[in-house]
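Before any comments, here is the structure.
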Amino acid sequence: MRELDRMELLLDQIKAVEAERDAMLAEERQSSREAVMLSKVVGIGPEFAAVLWGEGLFRCFDNRRQVAAYAGLAPTPWQSGSIDREQGIGKSGNPRLRSTLLEMAWLWLRHQPASALSRWFNERVAQNGGRFKKVMITALARKLVVALWKYVRAGVVIEGAFVRP
């Protein structure tokens, strides 16, 4: 009996949080066309749209490198004498945005299999015999945030992606 009461309480709390989120998104949608644009892309739900817009894409960036760096998905350079190398992804950006983008990259493969980004990912993973999926998903997340930034700022639709009318 107590377990049922706990479940009902939990369900009520989830409904309250979702209603709060929906009210916040409705307020954002009235003030910004960009939040509406993000929610029209298939595979981006209200939570992802809220995090993407609220954590990063509302800012003004000059180029794609700044977008990737803010999201914590840019490579870290290493220089010593005449040697110039990249050490991998530097995690100095927004951690909430980065983790959301990594999760969204996995979902992008499921919901947008015909897009150019998904085809690129699948070709690169196939070249390595299926290895390095986790490394490549980070690269896909970087490409995805840049593509979504271009979509929000300039209206450039991601090649092959489904967008709701």
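The values are calculated or read from the model by the stated rules, or taken from the named source; none is laboratory data. Model, not experiment: these values are computed from the prediction. Positions of Cβ are backbone-derived with ideal geometry, glycine not excepted, and every protein chain shown enters the neighbour counts.
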Go through the residues of the range 125-136 one by one and say whether even a single one is surrounded by 13 or more Cβ atoms within 10 Å (Cβ to Cβ), of a type in the set (Gly, Ala, Ser) and in a helix (DSSP H, G or I).
no
Checked the range 42-98 for anything over 19 Å from residue 108 (Cα atoms), of a type in the set (Val, Ile, Thr) and in contact with a strand residue (DSSP E or B) (Cβ under 9 Å, 6 or more places away or on another chain); matches are 76, 89
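Every residue, every condition in (1) of a type in the set (Gly, Ala, Ser); (2) in contact with a Phe, Trp or Tyr (Cβ under 9 Å, 6 or more places away or on another chain); (3) more than 21 Å from residue 50 (Cα to Cα), yes or no:
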| position | (1), (2), (3) |
| --- | --- |
| 103 | no, yes, no |
| 112 | no, yes, no |
| 119 | no, no, yes |
| 124 | no, yes, yes |
| 128 | no, no, yes |
| 159 | no, no, yes |
Could you pull out the residue among 74, 35, 105 that is modelled with pLDDT of 85 or more and either small (Gly, Ala, Ser) or closer than 15 Å to residue 143 by Cα (or both)?
105
Of everything in the range 112-124, what is in contact (Cβ under 8 Å) with a residue 40 or more places away in the chain and either out of contact with any helix residue (DSSP H, G or I) (no Cβ under 9 Å at 6 or more places or on another chain) or loosely packed, with under 15 Cβ neighbours inside 10 Å (or both)? Give them in sequence order.
114, 116, 119
Entirely in the range 1-101, the helices (runs of 4 or more DSSP H) that have 1 or more residues that are exposed (fewer than 11 other Cβ atoms within 10 Å of the Cβ) and among the acidic types (Asp, Glu):
2-31
